[in-house]
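Each value in this text was obtained by applying a stated rule to the coordinates, not by laboratory testing. Keep in mind that this is a model prediction, so the values were computed, not measured. Note that each Cβ is placed from the backbone with ideal geometry, even for glycine, and that neighbours are counted across all protein chains shown.
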């Protein structure tokens, strides 16, 4: 099955930050969560995909064609939204939509109206009157309104209340249900990925640490709670922290038997626990991936 989006060897250098050989692919019918700490390179990567910023080297293909060479055609098929809107603050949502629709041949105003109703988004409000969460809702509504085959969204659920987040995740699942459309979205809300993502790509300090099936990634680790606080086991952890009454931390799956044999509690981790303890490692140590 041909990838709907493919990034190979993407490099971008700033004075204090680098993207280093970023490579991953999004297949049709999938939702991929793009995770990492703030400043890890998520937004930079998404901007490079959309040719908003110049990158030093690498190739980006969408729908089997080079993104730079077929930029205008491919962007008709992509719904893209950054995490924050700052342009035309005095324009109403309806006025912004009227301006935006001119860039898309197949923009569907009825679909936009439906999305606004679903998100409780008043089209008579000015952009400057919207909260951060409402600005995200507007961006997602636009992305959904021109029948995009690929949605690329930067922190789309950030700032939303739990009900609105759940509504958007339901929409995401429906979008990819036919197997022809895909979503790539960056997030630091790992519980959202637990609800809807089939794949994840994890970026750390500009480098991809993992890309593939979410369940395979989670299953490769175990979460340990050692109430004996035995410091002799510390070298077995990916990383750990000592609390008042126990030591807890992350270990690779192949260490599970070691801890079970010692009578230590071992559990399956969630994505948030994995991310927290991977990021806790000292910067001069390599990740155990």
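Using just the alpha carbons, could you tell me how many Å³ per residue the convex hull of the stretch 42-114 encloses?
Value for the stretch 42-114: 121 Å³ per residue.
Here the spin labels are modelled as points 7 Å beyond Cα on the Cα-Cβ line, and at residue 23 and residue 243 they lie 4.0 nm apart.
Three principal axis extents of the stretch 121-170 based on alpha-carbon atoms, in descending order, are 31, 23, 16 Å. Summarising the strand pairing of the stretch 5-214, around 55 percent of its internal DSSP beta bridges are antiparallel.
Using Cα pairs closer than 8 Å and at least 6 residues apart in sequence, work out the relative contact order for the stretch 220-279, in percent. Once divided by the residue count of the stretch 220-279, the mean separation gives 43 percent.
List 66, 178 from most exposed to least, where exposure is judged by having the fewest other Cβ atoms within 10 Å.
On the way: 66 12, 178 9.
Arranged by neighbour count, lowest to highest, 66, 178 become 178, 66.
What percent do you get for the relative contact order of the stretch 5-214 when only Cα pairs under 8 Å and 6+ apart count? Spell out each step's value before the answer.
Numbers: 390 pairs, mean separation 68.1, N = 210.
32 percent.
Mean projection of the Cα convex hull over all viewing directions, computed for the chain: 17.1 nm².
What's the angle, to the nearest 10 degrees (0 to 90), between helix 132-144's Cα axis and the longest principal axis of the chain? Tilt relative to the chain: about 70 degrees. Residues considered: 12, 20, 253. Largest GNM mean-square fluctuation over the chain, using C-alpha springs under 10 Å, is found at 253. Counting neighbouring beta carbons within 10 Å and listing from fewest to most, the residues 13, 44 come out as 13, 44.
Take every pair of alpha-carbon atoms less than 8 Å apart whose residues are at least six positions apart; their mean separation over the length of the stretch 1-122 yields a relative contact order of 23 percent. State, to one decimal in nm, how far the label point of residue 174 lies from the label point of residue 124, with both points 7 Å from Cα in the Cβ direction. Rounded to a tenth, the inter-label distance reads 2.6 nm. Using the beta-carbon distance between residue 225 and residue 195 and R0 = 25 Å, what value does 1/(1 + (r/R0)^6) give for FRET efficiency, to the nearest 0.05? The formula returns an efficiency of 0.50 here. All C-alpha pair distances within the stretch 220-279, sorted into 5 Å bins from zero, spread as 4, 21, 36, 25, 12, 1 percent across the bins. Were the residues from residue 94 through residue 57 laid out at 0.36 nm apart, the gain over their Cα-Cα distance would be 9.4 nm. Compactness check for the stretch 135-262: Cα Rg over 2.2 N^0.38 Å is 1.38. Computed over the Cα atoms of the stretch 1-78, the ratio of the radius of gyration to the Kirkwood radius (Rg/Rh) comes to 0.95.
FRET efficiency for the residue 234 to residue 188 pair, using the beta carbon distance and R₀ = 30 Å, is estimated at 0.60. Of all DSSP beta bridges in the stretch 150-221, what percent run antiparallel (nearest 5)? Just about 55 percent of them are antiparallel.
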